[in-house]
Amino acid sequence: MSDETPVEKEHSVEEKLSGMSRRFGLDFYLVSAFPGSLVPTFAAGVVISNWPASLVETYDLSGLYKESELVRRLGETMRPVSFSEWPFADRHPSGKAAAIDVSESFERTLAFAIRDHDHQRLIFAFSGRRRPLDENEIATLYLSCLTLVDDGLGRLRRPSLPTEPLSGRELDCLRWAAEGKSSDEIAVILDISAHTVVSYLKNALRKLDAVNRMQAIARACRLGLI
């Protein structure tokens, strides 16, 4: 059995991704879960990245990532896709163009999707200012990322996602429970019966594989659900 600690392994992956990026003249990398009902926010889906914190926060607040050209293209193909313009912010659902301030280091982006051990699709995106990668470089980078996934990359920072998504009401009850409200108080706030609140919370505990409310709240917070 390896004596490598989780922290040491995480640092190793970070170093490998940084090394891969530098090798191909790319400045930034991002590995994230494919957007969906089980990944409600951008930050909740990020596995590992060297994006500026301000950029991560922008996407987390805007919801642009799931609407982006990059996600749309990767939803249609398993092949690597290249972009000569910033692909993470296509347009808001309202039709207004996204105002995202990115550096010249994001001039070009190569992205592809790989399934991890939990059968979750992971998006790999590498951005930089160099010329487009040729076919051999793309193949080498893709195979290197496959190796990282085989080593358990998808499980490093992202806790196991619930197999069944939580309903809006279940999340509402969890949010108020996290504020310290009792079932009776939540019932008044949501204008439902206390019995219904208890039922919603029981369902939330089951879906999050939690033994009590505090554990369910903690897991929901780590997943970015509340």
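Name the residue that is surrounded by the fewest Cβ atoms within 10 Å (Cβ to Cβ), counting only residues in region 170-226 that are in contact (Cβ under 8 Å) with a residue 40 or more places away in the chain and basic (Lys, Arg).
Once the filter is applied, the top-ranked residue is Arg222.
Which number in (1) under 21 Å from Asp150 (Cα atoms); (2) surrounded by 12 or more Cβ atoms within 10 Å (Cβ to Cβ); (3) modelled with pLDDT of 80 or more marks the one condition that Glu10 misses?
Of the numbered conditions (1) under 21 Å from Asp150 (Cα atoms); (2) surrounded by 12 or more Cβ atoms within 10 Å (Cβ to Cβ); (3) modelled with pLDDT of 80 or more, the odd one out for Glu10 is (3).
Taking region 205-214 on its own, how many of its residues are more than 21 Å from the chain's Cα centre (by Cα) and either more than 14 Å from Glu179 (Cα to Cα) or modelled with pLDDT of 90 or more (or both)?
Adding up the residues that qualify gives 5.
Whether any residue in region 19-36 is among the β-branched types (Val, Ile, Thr) and modelled with pLDDT under 80 is what I want to check.
no
For Ala44, indicate whether it is in a loop (DSSP other than H, G, I, E, B) and either modelled with pLDDT of 80 or more or out of contact with any helix residue (DSSP H, G or I) (no Cβ under 6 Å at 6 or more places or on another chain) (or both).
So Ala44 does not fit the description; no.
The values are calculated or read from the model by the stated rules, or taken from the named source; none is laboratory data. This is a predicted model, so every value here is computed, not measured. Using ideal geometry, Cβ is built from the backbone for each residue, glycine included, and neighbour counts are taken over all protein chains shown.
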